[in-house]
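Everything on this sheet refers to the single structure shown next.
The values are calculated or read from the model by the stated rules, or taken from the named source; none is laboratory data. In this text the structure is predicted, and so the values were computed from the model without any measurement. When we count neighbours, we look across all protein chains shown, and the Cβ atoms used for this are built from the backbone with ideal geometry, even at glycine. With ligands, DNA and RNA removed, areas are computed over all heavy atoms of the protein, side chains included. Shrake-Rupley method; radii C 1.70, N 1.55, O 1.52, S 1.80 Å.
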Amino acid sequence: MAKYASIAEGFAVTGIDRAERHLFLCLGPDCAPLEQGQLTWDYLKRRCAELKLPVMRTKAGCLRVCVGGPWLLIYPEGVWYGGVTPERCERILHEHVVQGKPVAEWVERTKPMCHLEGQSPA
């Protein structure tokens, strides 16, 4: 049975209309212990709600890196952060999500999957 009465209601709950970024967190188990991933997910979910951030969040079972996790991938920038803990998560949320400045020392890769305004395609 579906959680919502309609597709429109489901989309309304996602916050897609106000979302500026989409955060994907790989919980493991291959890149990190599942307990560590789940702890980070719980923190990320709570802080996004408390800060009323204009984001969508998705927990993933695998982002296929399989080492150095938990991994946080932020779109539309395509920024990959490894070894994300609740403490790192807090700084990433404030600096990257709120201020728009990725935390350079923790960025492992950047690969946007779409053309961002003001940037030429690779």
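Once you've got the GNM for the chain with C-alpha springs shorter than 10 Å, pick whichever of G83, G100, G69 has the biggest mean-square fluctuation.
In the Gaussian network model the winner is G100.
Express the carbon and sulfur contribution to the solvent-accessible surface of the stretch 25-122 as a percent, rounded to the nearest whole number, probe 1.4 angstrom.
55 percent
From the list (i) 1.13; (ii) 0.94; (iii) 0.98, can you say which value of Rg/Rh (Cα atoms, Kirkwood Rh) was derived from the structure given?
So the calculated entry is the one marked (iii).
If you roll a 1.4 Å probe over the heavy atoms of the protein chains, what accessible area per residue do you get for the stretch 29-122, in Å²?
Roughly 59 Å² per residue, with all protein chains present.
Rounding to the nearest 20 debye, state how big the charge dipole of the chain is about its Cα centre with +1 on each Lys and Arg Cβ and -1 on each Asp and Glu Cβ.
140 debye
Extension gain D42-V103, at 0.36 nm per residue separation less the Cα-Cα distance, in nm?
Difference between extended and current length: 19.9 nm.
Translational D (Stokes-Einstein, µm²/s) of the stretch 69-111 at 4 °C and 1.567 mPa s when Rh comes from the Kirkwood sum over C-alpha pairs?
Reported coefficient: 129 µm²/s.
Quick check on the stretch 22-80: take the gyration tensor over C-alpha atoms, sort the square-rooted eigenvalues as a ≥ b ≥ c, and tell me if it's rounded (a/c under 1.5), prolate or oblate.
Because a/c hits 1.5 or more and a/b fails to exceed b/c, the stretch 22-80 counts as oblate.
Antiparallel DSSP bridges in the chain: what percent, to the nearest 5?
Around 65 percent antiparallel, to the nearest 5.
Counting other Cβ atoms within 10 Å of each Cβ, which trypsin sites (Lys or Arg not before Pro) in the stretch 1-30 have at most 16 and sit in a DSSP loop?
K3, R18
Of L63, L51, which has the most accessible area with a 1.4 Å probe, and how do the rest follow in descending order?
Of L63, L51, the descending order of accessible area is L51, L63.
Per-residue ellipticity at 222 nm for the chain, helices alone: DSSP H runs ≥ 4 residues times -39500 (n - 2.57), over residue total, nearest 500 deg cm²/dmol?
Using -39500 (n - 2.57) per qualifying helix, the result is -8000 deg cm²/dmol.
Can you pull out the trypsin sites (Lys or Arg not before Pro) in the stretch 25-96 that DSSP calls coil and that have at most 16 other Cβ atoms within 10 Å?
Sparse-neighbourhood loop trypsin sites (Lys or Arg not before Pro): K52, R64.
Would you work out the relative contact order for the chain, in percent, from Cα pairs under 8 angstrom that are 6 or more residues apart?
Computed value for the chain: 26 percent relative contact order.
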